[in-house]
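The values are calculated or read from the model by the stated rules, or taken from the named source; none is laboratory data. All values derive from a computational prediction rather than experimental measurement. Glycine gets a Cβ as well: all are built from the backbone with ideal geometry, and neighbour counts include every protein chain shown.
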Amino acid sequence: MTVATRIFWFLSLSALIFAARPAVHAQQAYDGGVITTTVANTGEKAVSIVSSNADIAGLLEVAFSAHGGFRVVKPGEGVFTFTVEPAGSNAVRLKIQSGRPLVTQLEETVRGNSLRDAALRAGDLAVLRTTGKPGFFAGKLAFVGSEGKKQEVYTSDLFFRNVRRLTQDNSYSQHPRWSPDGRKLLYTGYYRTGFPDIFMIDLDTGRRTTVAGYKGTNTGAVFSPSGQNIAMVLSSTGSPEVYVAGADGQRPQLVTQGTSRSVESDPDWSPDGGRLVLTSDQLGGPQLFVVSSRGGRPSRLPTNISGYCTEPAWNPSSGANNIAFTASTRGGYQVAIYDLATRKSQFLTSGAGSFSQPRWLNDGRHLIAMNANRGEETLWLIDSETGKKTKLPSGRLNKISQPDFVYPQ
């Protein structure tokens, strides 16, 4: 976590199928069993990627190698063989095979917004059918790119193709957060008044609207899982407090009660939208608290791992029960995970530099986090089950931070 990030906290605070299926676009709800093999469906699976298209083969090899649950091996050596062939300009044909000799377990046409997108979605379908959990390869990132003293919001796919600069404010644009459907983006901008206001961008039309422009600080906006509400931090009545409003930001209602002398920040929603986790310094240093999204007095989470805990991210998976967050350590900052059932915390990251700003992916297993090391700020994909960390390629941008992820519906 950089000094600027710490200052910002105070200022603003993821059955066996044989028959062919019709074409699909996105991952669908899946309540069947995973494709069975002669080895246990646990641990790292050896898979072979086959395609007559070198770009598709290379892309999927990178994606599966980054997952943590798969190991890419030579054709013929995998427990599974995933064959992905072009089927038009924006579709591919996916075939999943296993056994010796190879037996076809699934064959399906997958469509996307482009051939690349279709290939990534095919990879996600292969993940879903062989693990029972959704894939994330076709997800989208929003993040902040720093150029000199200015910061702008960008979007891209997970592997940093199709990078798009979304704001042209020539100012500080921070804290981007996707809507659940991936069609809108909230962010904090300073361009209009020099003070933090909250804006929403409609990615279909490019239209930008003001969500909150009250006196004082307006920041930290995040959509509820349903997309019908927004939690945000406002300080128009004094100290920064957490409010909840409708999806347009109108008629915000105070959520954090009895905390008028403290600073609240970083709200994030529980998967069912009934609670919010946030950061508060009401007991001295910043710690994590939970409060009803309808309002009440926040209760502290006993993380018991650091005197400085911030940037909480509630795991969006309905089967999960944990919260990722940033905690200070003797050497800087690292990402930790708090288990709500056991009431215990453990560090997820370690090593060179500081890891911070964790955000969960749609499968509830992987996270994106920022690593600050020797003047560089980069984004990393982290597998919470194995601890595997993969640096994401950022191209010409050498300082990127504040990530958020969505899997387009």
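Go through segment 181-203 and count every residue that is surrounded by fewer than 20 Cβ atoms within 10 Å (Cβ to Cβ) and either touching a helix residue (DSSP H, G or I) at 6+ places or on another chain (Cβ under 8 Å) or more than 19 Å from Ser156 (Cβ to Cβ) (or both).
Summing the residues that are surrounded by fewer than 20 Cβ atoms within 10 Å (Cβ to Cβ) and either touching a helix residue (DSSP H, G or I) at 6+ places or on another chain (Cβ under 8 Å) or more than 19 Å from Ser156 (Cβ to Cβ) (or both) in segment 181-203 gives 6.
Taking the conditions exactly as written (modelled with pLDDT of 95 or more, buried (at least 17 other Cβ atoms within 10 Å of the Cβ), out of contact with any helix residue (DSSP H, G or I) (no Cβ under 7 Å at 6 or more places or on another chain) and within 24 Å of Thr209 (Cα to Cα)), does Ala313 satisfy them or not? Please lay out each step first, then the result.
Numbers: modelled with pLDDT of 95 or more: yes; buried (at least 17 other Cβ atoms within 10 Å of the Cβ): yes; out of contact with any helix residue (DSSP H, G or I) (no Cβ under 7 Å at 6 or more places or on another chain): yes; within 24 Å of Thr209 (Cα to Cα): no.
No: the conditions fail for Ala313.
Would you be able to say whether some residue in segment 294-309 is within 23 Å of Gly145 (Cα to Cα), more than 15 Å from the chain's Cα centre (by Cα), assigned by TED's automatic domain parsing to the domain that holds Gly246 and surrounded by 15 or more Cβ atoms within 10 Å (Cβ to Cβ)?
Going through segment 294-309, the residues within 23 Å of Gly145 (Cα to Cα) turn out to be none.
Checking segment 294-309: not a single residue is within 23 Å of Gly145 (Cα to Cα), more than 15 Å from the chain's Cα centre (by Cα), assigned by TED's automatic domain parsing to the domain that holds Gly246 and surrounded by 15 or more Cβ atoms within 10 Å (Cβ to Cβ).
Scan segment 101-124 and give yes if some residue there is touching a Pro at 6+ places or on another chain (Cβ under 7 Å), modelled with pLDDT of 95 or more, surrounded by 24 or more Cβ atoms within 10 Å (Cβ to Cβ) and among the β-branched types (Val, Ile, Thr), otherwise no.
No; the residues of segment 101-124 include none that is touching a Pro at 6+ places or on another chain (Cβ under 7 Å), modelled with pLDDT of 95 or more, surrounded by 24 or more Cβ atoms within 10 Å (Cβ to Cβ) and among the β-branched types (Val, Ile, Thr).
Going by the structure shown, is Phe159 of a type in the set (Phe, Trp, Tyr) and surrounded by fewer than 20 Cβ atoms within 10 Å (Cβ to Cβ)? It would help to see each step written out before you state the result.
Values: of a type in the set (Phe, Trp, Tyr): yes; surrounded by fewer than 20 Cβ atoms within 10 Å (Cβ to Cβ): yes.
Answer is yes for this residue.
Within segment 257-265, can one find any residue that is loosely packed, with under 15 Cβ neighbours inside 10 Å, at pLDDT 95 or above and assigned by TED's automatic domain parsing to the domain that holds Arg297?
Quick first cut of segment 257-265, residues loosely packed, with under 15 Cβ neighbours inside 10 Å only: 257-258, 260-261.
Retained after the next criterion (residues that are at pLDDT 95 or above): none.
So far as segment 257-265 goes, no, none of its residues is loosely packed, with under 15 Cβ neighbours inside 10 Å, at pLDDT 95 or above and assigned by TED's automatic domain parsing to the domain that holds Arg297.
Enumerate the strands (runs of 3 or more DSSP E) found wholly within segment 366-409, keeping only those where 1 or more residues are modelled with pLDDT of 95 or more, under 15 Å from Gln334 (Cβ atoms) and in contact with a His (Cβ under 9 Å, 6 or more places away or on another chain). Give the derivation first.
Working: elements: 366-373, 376-383, 389-391, 400-406.
Qualifying strands (runs of 3 or more DSSP E): 376-383.
Which residue out of Ser345, Ser306 is part of a strand (DSSP E or B), more than 21 Å from Gly227 (Cα to Cα), of a type in the set (Gly, Ala, Ser) and in contact with a strand residue (DSSP E or B) (Cβ under 7 Å, 6 or more places away or on another chain)?
Details: Ser306 fails: part of a strand (DSSP E or B).
Residue meeting the stated conditions: Ser345.
Pick out, from segment 42-114, the strands (runs of 3 or more DSSP E) lying fully within it that include 1 or more residues that are closer than 18 Å to Gly135 by Cβ and charged (D, E, K, R).
Working: elements: 45-50, 70-73, 80-86, 91-98, 103-111.
Ranges flagged: 45-50, 70-73, 91-98, 103-111.
Keeping to segment 147-199, report how many residues are among the acidic types (Asp, Glu) and either in a loop (DSSP other than H, G, I, E, B) or closer than 24 Å to Pro316 by Cβ (or both).
First pass over segment 147-199, keeping only residues among the acidic types (Asp, Glu): 147, 152, 157, 169, 181, 197.
Checking which are either in a loop (DSSP other than H, G, I, E, B) or closer than 24 Å to Pro316 by Cβ (or both) leaves us with 157, 169, 181.
The total comes to 3.
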